[in-house]
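Scroll down for the structure; my scribbles are underneath it.
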Amino acid sequence: MKQQQFETGRHRMWKEYRALLEQLERSPGRRDRLSPLQRFPRLYRRICGHYALARSRGYSSSLTEDLHDLVRRGYQQLYRSRLDWLRQTLAFLSAGFPRAVRGHAGVFWLAAALFFGPMLIMALGCHQDEELIYSLLDRQDIAQLESMYDPTNRKPGREADRQADTDFAMFGFYVMNNVGIAFRTFASGLLLGLGSLFILIFNGLVIGAAAGHLTRLGYGGTFWPFVSGHSALELTAIAVSGAAGLLLAAALLAPGRRRRLDALQRNAREAVKLVTGALAMLVLAAIIEAFWSSATGIEPAMKYLFGGICWLLMIAYLSLAGRGSAGAA
């Protein structure tokens, strides 16, 4: 193909690519708001192909240099986009998320009370009364729970049909299970908060019943080392998800001077911040649960120490992180 035909057939694409490139270079901070820029990565790959063709066919140096310049500038913008995304994510997790939790401390503490309160009461009750757990769980579920934390279990914390699963497979299972609970707790806030209230209280009761019952049976030496490592992240994330759901409910029940739709949109933006941070915590909790909590070669004392450090770091993170940033709460 002659150079003139090559240029003519691709002139419109190059013009569009150059316009998008200049738009990116002029407004680097607005790249995520400009929907036409979604085409840029695909166009960039096409321009790279054109540059390779121009070089291999020995087209004029002015054309190849021009295409090379477009490729070089495009690469810089794509790299900057990825770097900006990573920087924004790290900034949110290190400062934005804990500020959001502190900014909605009232609903967070309410959600925590609804979750941890029933958990503590049920744990004490089931530890004292061996029949109490049967008012909440059926015999099959209780038998399965006991088998998971039986000291003779080769893989503590795993059901009988999951004994052969790899740690990586269990990581995926924990992520899906925990994220599902978090999303249900958050989204059910749209049911005037009743869904979030029910899920928080019910999960608190179930976890407390399991802890109290297993401790009473003498399985605490298996149960507590297993849960100690990931409990700070997992349990706190569920409370945060509950707070996000209660924010949705607050907009519906007490919109103030706003229309309910406007109040819901405003609170939803804040709730999404909370649940996004909670999901990140649950993924990290799943990593610990799959690869650390289930490890049988680690002494219980080390697991307790690790768990205690995690709780201290969690408290410090939510209390102090982001306070030095602009708009800190």
Six or more apart or on different chains, Cβ atoms under 7 Å: show the pairs whose first residue is in segment 158-175 and closer than 9 Å to residue 287 by Cα and whose second is acidic (Asp, Glu).
174/289
I'd like the residue in segment 146-176 that is of a type in the set (S, T, N, Q) and out of contact with any helix residue (DSSP H, G or I) (no Cβ under 8 Å at 6 or more places or on another chain) and, out of all such residues, is modelled with the highest pLDDT.
152
For residue 289: the one exception among (1) touching a residue at least 60 places away in the same chain (Cβ under 8 Å); (2) surrounded by fewer than 24 Cβ atoms within 10 Å (Cβ to Cβ); (3) outside any loop (DSSP other than H, G, I, E, B):
(2)
Scan segment 125-156 for residues that are of a type in the set (Gly, Ala, Ser) and under 13 Å from residue 211 (Cβ atoms) and report the count.
1
For a quick check of your reading of the model, give me the residue pairs whose first member lies in segment 239-254 and is without any contact (Cβ under 8 Å) to a residue 40 or more places away in the chain, whose second is among the charged types (D, E, K, R) and part of a helix (DSSP H, G or I), with beta-carbon atoms closer than 9 Å and at least 6 apart or on different chains.
251/260; 251/262; 251/266
Of the residues in segment 228-248, those that are surrounded by fewer than 24 Cβ atoms within 10 Å (Cβ to Cβ) and more than 16 Å from the chain's Cα centre (by Cα) come to 228
Residue set 257, 266; condition surrounded by fewer than 14 Cβ atoms within 10 Å (Cβ to Cβ) and on the phi < 0 side of the Ramachandran plot; output residue 257
Among all residue pairs at least 6 apart or on different chains, which show Cβ distances below 8 Å where the first residue, located in segment 7-23, is under 22 Å from residue 76 (Cα atoms) and among the hydroxyl-bearing types (Ser, Thr, Tyr) and the second is open to solvent by less than 80 Å² (accessible area, probe 1.4 Å) and assigned to a helix (DSSP H, G or I)?
17/40; 17/43; 17/44; 17/47; 17/70; 17/74
Considering residues that are among the β-branched types (Val, Ile, Thr) and over 14 Å from the mean Cα position of the chain (by Cα), the number found within segment 86-106 is 1
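The values are calculated or read from the model by the stated rules, or taken from the named source; none is laboratory data. Keep in mind the model is a prediction, meaning the values are calculated, not measured. Here Cβ is always computed from backbone atoms with ideal geometry, including for glycine, and neighbour counts include all displayed protein chains. For accessibility, only protein heavy atoms count, side chains too; no ligands or nucleic acids. Shrake-Rupley method; radii C 1.70, N 1.55, O 1.52, S 1.80 Å.
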